[in-house]
Structures are given as C-alpha cells and as structure tokens.
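Here's the structure we're looking at; comments come further down.
All of the numbers you see were taken from the coordinates with simple rules; none came from a lab. This one's a predicted model, so the numbers in the text were calculated from it and none came from an experiment. All Cβ positions, glycine included, derive from the backbone under ideal geometry; neighbour counts span all protein chains shown.
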C-alpha cells in the first residue's frame, strides 16, 4: 500500500468526511486512504477514545450534539406525555417514609407531582419542586440554597454543594441533558454539572429520568459515567440497543 497521509492527517480527513456524511465504514477508510483494515480500525478507535466520533459495527458515525437547552418552563411542553409517564414510573420506585432527593428539570418535576400524596422527606435544589410540594403536611421539604440559575430555576454553586455534603437520601431522582454509551451523562452548563456531581454522592440509589430525545447525544460538560446510575427510567421510543447496552452495564431499566 502507498499511503500518502500521516495518521493525524488521515484522522482529520475522516472527521471531515463524517461531518458531511454522518457515517463512514472501515471499507471506505481502506479505499479512500489506501490502508489496511487494521489501520482503519485503529484510526477509528483512536478518534472514538478522543470523543470525536462514535464507533459502530463496521465503521463509525458522527456524534450528535445536544441542542441548546431551553428554559424549564418551555421544556415542560416538550414530550409532555412521555415525561408524565416517566415521572409516574419513577415515583412508584419511592417508598413511604424514605428521604428522596429531587433534582431540577421538567421530567423530575413530573415525579414530584406524582409524589404529592406520599409520606416523605424531600431534599431539593429545584424551585419548581419546592412550589409543587410546599404546604403538604405529609411531606417535609428540605430546601438547598445557593445561586439561582434563572433558566432552570435551580440552586447551584458552592453554597448548594456545601449543603449537599450535610444531607443523605435513600434515592436521588435526577434529570440530564444528554446520555451516550461512550461519554455517559453530560450537561451543557458547567457550574450546574459541578453541583450535579455532588448530588450523585448524596444518595444510596441514583435514578435517572430521561426521555428518548436525550439518548445518543453529547453535551459540553461531562458529569459522570453511565455506570454511576443504578436505575434508568425512560419511554418506549428510546433505542432498544441502548437499553440493552445499559442493562449489560448493570443498570436496571424501566420503560414507562
């Protein structure tokens, strides 16, 4: 073979092709760059390890970036039926008498609504969750202060993280911006990501609530690997191959 490209040059060319076509096969890499199958696979695997593409059987596909996140009051109207089902299914995992952490986001808010009749202690950094549960005799609400993120109506930052170090929950119900097998849980706002990392440490069981639009995407800030989640609650439109892979990694999967 008479390959005229160095490995970095070839990999850059591969990324340019992916940007145009969204997919490339091992055979195409061999033909385009006059390299062996072993070299083509090494190039694709190297780029996958760098987080620049997603390896699939026989080749690679471009990563799908999560679009900018809309404010929570707007997101409540998006995938509303799926979020209600997910919220109900997640609430069914909570037992009376437990202490539960409810994170921010429109899907977790549906779980909060489903928990209004239960006897619980709820810890939260979400202003909408506080409003939904305030004044109920059967629920003790522990509010975490901090810097208010206006678009999410959630409290984040150093003060919130300091408070999180002082509490423990039986279960954590958490939403997320994007989920992928390679990059795990990602968000698009770094300060909130730091707070979410502290939230993950606050409970014995982490329950992730995510509708089908969140899967196979990557946002800017890495939160944690997928294995940091114990239970995944999603809807029936989430790709079955993703759910199978999640089960293989030890997650309990509930499809609402």
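Can you tell me what share of the DSSP beta bridges in the chain is antiparallel? A percent to the nearest 5 is fine. In the chain, DSSP labels about 35 percent of beta bridges as antiparallel.
Against the main long axis of the alpha-carbon atoms of the chain, helix 7-21 sits at an angle near 60°. Placing pseudo-labels 7 Å out from each Cα toward the beta carbon at residue 236 and residue 7 gives an inter-label distance of 4.8 nm.
What shape does the stretch 181-242 take by its C-alpha gyration tensor, where a ≥ b ≥ c are the square roots of the eigenvalues and a/c under 1.5 counts as rounded, a/b above b/c as prolate, and the rest as oblate? Oblate shape, in that a/c is at least 1.5 and b/c is the bigger or equal ratio. Springs between Cα atoms under 10 Å define the GNM used for the chain, and in it the highest mean-square fluctuation of 97, 216, 87 occurs at 97. Pairs of C-alpha atoms in the stretch 112-256 farther apart than 25 Å represent 29 percent of all such pairs. Where the alpha-carbon atoms of the chain are placed on the principal axes, they occupy 76, 34, 31 Å, in descending order.
Across the chain, Cα pairs under 8 Å and at least six residues apart give a relative contact order of 15 percent.
Looking at the calculated P(r) for the stretch 7-62, what percent of the C-alpha pair distances fall above 16 Å? Of the Cα pairs, 26 percent sit more than 16 Å apart. For the stretch 101-240, averaging the sequence separation of C-alpha pairs within contact (under 8 Å, six or more residues apart) and dividing by the residue count gives a relative contact order of 22 percent. With contacts taken as Cα pairs under 8 Å and at least 6 residues apart, the stretch 7-62 reaches a relative contact order of 39 percent.
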